[in-house]
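Worksheet: the structure to be examined is printed underneath.
The values are calculated or read from the model by the stated rules, or taken from the named source; none is laboratory data. Quick caveat: nothing in here was measured; it's all calculated off a predicted structure. When we count neighbours, we look across all protein chains shown, and the Cβ atoms used for this are built from the backbone with ideal geometry, even at glycine. Note: areas computed on protein heavy atoms with side chains; ligands, DNA, RNA excluded. Shrake-Rupley method; radii C 1.70, N 1.55, O 1.52, S 1.80 Å.
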Amino acid sequence: MANQEDNLFKNVISHAKEYGFIFPSSEIYDGLSAVYDYGQNGAELKNNIKEYWWKFMTLLHDNIVGIDAAIFMHPTTWKASGHVDAFNDPMVDNKDSKKRYRADVLVEDAIAKMEEKIDKEVEKAAKRFGESFDAAMFKSTNPRVLEYQKKIDETNARLKDAMSNGDMAGMKQLIIDLEITDPVSGTKNWTDVRQFNLMFSTEIGSLAEDASKIYLRPETAQGIFVNFLNVQKTGRMKIPFGIAQIGKAFRNEIVARQFIFRMREFEQMEMQFFVKPGEEMKWYEFWKEKRLKWHLALGLGNDNYRYHDHLNLAHYANAACDIQFNFPMGFKELEGIHSRTDFDLKSHEKYSGKKLQYFDPEDTQNFIPYVVETSVGLDRCFLGILSKSYQEEKLEDGSDRVVLRIPAPLAPNKVAILPLTKKDGLPEKAQAIMNDLKYDLRCFYEEKDAIGKRYRRQDAIGTPYCITIDHQTLEDDTVTIRDRDSMKQERVRIADVRSKLIDACSINNLLRKI
Ligand code: ATP
């Protein structure tokens, strides 16, 4: 990570703590690695993101319904899903720094560095050749670029091979051949690469003799698969249809050093879309596009998103891609879109002995549906929004301000109600305005400190509007509305405040933009 971005990330993390968005879990005991709590403002922002997703799925698509399955599931679920045998990450330690890494991530980072080198060559050449420069032609002929590309392709092929065959010695050899050094110790002194299962287990049952081992779900998807027929039958759903769910998932991640990007307890927003076999690629493309639009409507900048196709497909997938986001530490996975075939339902049929098939009334046939999944991390959405909203600004008068330009519909509070002084009946008037607005807009009331200071505090938690009640309010029933982003103030009649703000702050309006 470049130094500037590194600093930005550090500032975002400390801002999140200072302003009640995210605290380390059980902080009074020095925290718990890769586990975090959401504070008073974080919980609101998180709930708003959930609402935006849930409404998108279940209101805008009349063939999608939502469920809320339990975290604990019958242990055979995880045998059938492949998680007991294959939910592993390759782990490697550096003997000098004693730091632990995911071997595949080390290799992927090395590939990203080679890709950067190609980009630099292209940039240099573009400057040299000016307008007549043809980037595609340059990439396909320049010997240095071709050399890098060859190495990238070879590395990708070896990585794919090692990952799909569980060949840990091959992984280690790849790390050696690429001359990967530990960013902390700077040495190449690596242990062997070992497989590490990411599932947490615990015991169910009160007596030791009848207790049995169960897992904390590592993904919410399986709760949807095992309920496929329940929902299909009771909801009289016709294929194609989807089941959506928001819930906690748990993974004993090997490396958990990137704040809420990679946590051991996190939340997923997943939707499984059940389709006719053979139609999955059409729906895969459909959902790729739809999900990107959902992200783009937030207005955080279209350049901050990109697709990344998977070369190493998971055991259940016949096509998969990520929507990556430009996080402070670079482009990384925000959401996964996977064509999961009939792997899960078929496997649950086998292990449970129950039929999990759909009867098609049109061609009077039974079949196991194929599934296209969209799976986005709620915490990663949160991190993306927080880090892109965070801005340190120098104002015209030379002062500084830190502002969170959170999209208004997602902001923890929509309006701050600020009586200019604590006397002359201004607080009472302000309370009356708040009592009227609070049913439609989340309000925050504050009368302490100078108004400029209060504005800054609201900027720092991303409140899009401040309403100031002053002496003129008592005379003519008008207030000023201050806009967080432009800092412009406008005098409006109290009677017009609601209609003025509600449009900009409504999640439903955000949904209309998709
Ligand atoms: P990664 O490659 O980053 O480990 P993944 O491919 O294993 O992620 P999926 O199993 O596809 O992730 O999970 C779907 C989504 O859940 C991811 O796109 C991500 O947003 C989120 N997610 C996965 N693992 C974590 C985690 N440890 N902490 C926070 N969010 C996570």
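Residues that are under 14 Å from ARG401 (Cβ atoms) and either assigned by TED's automatic domain parsing to the domain that holds PHE21 or among the polar types (S, T, N, Q) (or both) were ranked within segment 437-488; the one that is modelled with the lowest pLDDT is SER486. Entry remark, segment 85-115: residues being outside any strand (DSSP E or B) and farther than 21 Å from LYS160 by Cα number 5 in total. Could you tell me how many of the residues in segment 1-32 are surrounded by 14 or more Cβ atoms within 10 Å (Cβ to Cβ) and assigned to a helix (DSSP H, G or I)? Summing the residues that are surrounded by 14 or more Cβ atoms within 10 Å (Cβ to Cβ) and assigned to a helix (DSSP H, G or I) in segment 1-32 gives 9. The set of residues in segment 344-355 being under 21 Å from TRP283 (Cα atoms) and surrounded by fewer than 21 Cβ atoms within 10 Å (Cβ to Cβ) consists of LYS346 alone.
Under the condition of being outside any helix (DSSP H, G or I) and touching a helix residue (DSSP H, G or I) at 6+ places or on another chain (Cβ under 7 Å), the residues counted in segment 414-441 number 11. Being of a type in the set (Gly, Ala, Ser), within 8 Å of the ligand (Cβ to nearest atom) and either open to solvent by 20 Å² or more (accessible area, probe 1.4 Å) or under 22 Å from ASN48 (Cα atoms) (or both) holds for only one residue in ALA249, ALA297, and it is ALA249. In segment 415-426, the residues that are open to solvent by 40 Å² or more (accessible area, probe 1.4 Å) reach residues that are part of a strand (DSSP E or B) and of a type in the set (A, V, I, L, M, F, W, C) with C-beta atoms within less than 9 angstrom, at least six apart or across chains, in these pairs: LEU420/ILE469. Can you name every residue in segment 6-26 that is over 17 Å from LEU404 (Cα atoms) and either at pLDDT 95 or above or not assigned by TED's automatic domain parsing to the domain that holds ALA244 (or both)? Hits for segment 6-26 are PHE23, PRO24, SER25, SER26. The strands (runs of 3 or more DSSP E) located wholly in segment 238-350 include none with 3 or more residues which are over 15 Å from the mean Cα position of the chain (by Cα) and outside the structural domain of GLU51 (by TED's automatic domain parsing).
Cβ-Cβ contacts under 6 Å between residues 6 or more apart (or on different chains), taken from a first residue in segment 327-356 that is touching a residue at least 24 places away in the same chain (Cβ under 8 Å) to a second residue that is away from the ligand (no atom under 16 Å from the Cβ) and part of a strand (DSSP E or B), are listed as THR341/TYR370; ASP342/TYR370.
Here's the yes/no breakdown for (1) among the polar types (S, T, N, Q); (2) crowded, with 20+ Cβ neighbours inside 10 Å; (3) part of a loop (DSSP other than H, G, I, E, B):
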{"residue": "THR374", "(1), (2), (3)": "yes, yes, no"}
{"residue": "ASP379", "(1), (2), (3)": "no, yes, no"}
{"residue": "ILE385", "(1), (2), (3)": "no, yes, no"}
{"residue": "ASP397", "(1), (2), (3)": "no, no, yes"}
{"residue": "ARG401", "(1), (2), (3)": "no, no, no"}
